[in-house]
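Worksheet for the structure shown next.
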Amino acid sequence: DAGVTQSPTHLIKTRGQQVTLRCSPKSGHDTVSWYQQALGQGPQFIFQYYEEEERQRGNFPDRFSGHQYPNYSSELNVNALLLGDSALYLCASSRDEGTYLNTEAFFGQGTRLTVV
Amino acid sequence: RKEVEQDPGPFNVPEGATVAFNCTYSNSASQSFFWYRQDCRKEPKLLMSVYSSGNEDGRFTAQLNRASQYISLLIRDSKLSDSATYLCVVWRSYKLIFGSGTRLLVRP
């Protein structure tokens with residue numbers, strides 16, 4: 001059973017460019033969340049997708065957008081990249097059980113984005 | 001002020017030592033509580049959930065005090081392989097909210 005897979009693993013982009021990161025959730029999971037982890041910090045919640053809709057969003061600008069496909073895979077898009085967007089981007093998948101209570105989230109290995 | 005606060009460490013301890021990590025959270029609406037472990041340049045992995053009654057998993061014991069909004073993790077008989085960053089995490093409104101992590105170094 002494959003866990004959460006993310007691609008690419010590493011990426012270097014120039015300031016002002018756009019980037020798309022991809023995530024395939026663990027088998028049986030229907031919910032995907034994205035997190036940004038800067039060096040020396042804990043991961044910060046960007047947004048969560050469920051049933052192809054953005055269900056919750058953290059304090060990130062509109063330059064950060066996402067999408068979820070019918071097969072539950074997801075993309076994170078970042079426009080007009082800034083140097084400060086350099087970070088490890090983590091995808092986490094979980095299974096929605098119809099309540100607000102948490103079910104265990106499994107993380108992918110992350111995409112390390114460097115903006116130069 | 002961050003919603004989840006942790007001592008960043010590092011905690012540098014010898015093998016076999018007992019080490020305790022503490023964490024406080026500021027939002028009383030937080031619903032669930034966890035400790036995650038993160039190895040260098042890897043993804044976070046769930047170490048254990050934390051309950052008010054306290055829970056133990058081998059050498060690891062976690063405790064939650066809702067009244068004080070305080071979470072703790074105790075590691076007994078430290079191993080070299082315990083060296084990692086330990087992240088205190090709360091769940092609220094569909095999202096995990098992480099502390100900045102406490103770094104543990106276990107030396108021979």
Could you identify which residue out of A:Tyr50, A:Tyr89, A:Tyr69 has the top mean-square fluctuation in a GNM of chain A using Cα springs shorter than 10 Å?
A:Tyr69
So in the protein assembly as shown, what percent of DSSP beta bridges are antiparallel if you round to the nearest 5?
90
Tell me, what HN-Hα J-couplings in whole Hz come from the Karplus equation 6.51 cos²θ - 1.76 cosθ + 1.60 at θ = phi - 60° for each residue of the stretch B:20-26, using x for Gly and Pro?
10, 10, 10, 7, 10, 10, 9
Full extension between B:Glu5 and B:Ser28 adds, at 0.36 nm per residue less the Cα distance, a length in nm of 6.9 nm
Name the residue from A:Tyr72, A:Gly28, A:Gln41 whose Cα lies farthest towards the positive end of the charge dipole of the protein assembly as shown, charges +1 on Cβ of Lys and Arg and -1 on Cβ of Asp and Glu.
A:Gln41
Residue by residue through the stretch B:64-79, which ³J(HN,Hα) values in whole Hz follow from phi under the Karplus form 6.51 cos²θ - 1.76 cosθ + 1.60 (θ = phi - 60°), with glycine and proline marked x?
10, 10, 5, 5, 8, 6, 9, 10, 9, 9, 10, 10, 9, 6, 3, 10
Given the pairs A:Lys26/B:Lys79; A:Lys13/B:Lys45; B:Lys42/B:Lys95; A:Lys13/B:Lys2, which are separated by over 22 angstrom at their Cα positions?
A:Lys26/B:Lys79; A:Lys13/B:Lys45; A:Lys13/B:Lys2
Expected sort for B:56-64, B:97-105 on mean C-beta neighbours within 10 Å, highest first, is B:97-105, B:56-64
Placing unit charges on C-beta atoms (Lys and Arg positive, Asp and Glu negative, everything else neutral), compute the dipole magnitude of the stretch A:11-116 about its Cα centre in debye, rounded to 20.
520
Inter-centroid distance (Cα atoms) of the stretch B:1-50 relative to the stretch A:32-77, Å:
23
Please get the size of the charge dipole for the protein assembly as shown, origin at its Cα centre, with Cβ charges of +1 on Lys and Arg and -1 on Asp and Glu, quoted in debye to the nearest 20.
640
Calculated FRET value between A:Arg95 and B:Asn55, using beta carbons and R₀ = 22 Å, to 0.05
0.50
Averaged across B:42-51, how many Cβ atoms of other chains sit within 10 Å of each residue's Cβ atom?
4
Tell me the label-point distance for the pair A:Thr14, B:Ser93, using the 7 Å Cα-to-Cβ offset, in nm and rounded to one decimal.
3.9
Just how large is the dipole of chain B about the Cα centre, in debye to the nearest 20, putting +1 at every Lys and Arg Cβ and -1 at every Asp and Glu Cβ?
260
Kindly point out, ordered by number, any Cys in the protein assembly as shown whose beta-carbon has no other cysteine beta-carbon under 4.7 Å away.
B:Cys40
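Laboratory data are not the source of any read-out in this text; all were calculated from the coordinates shown. From a predicted model like this one, the values you see are computed outputs, not experimental measurements. Quick reminder, even Gly has a Cβ in these numbers, built from the backbone with ideal geometry, and neighbours come from all protein chains shown.
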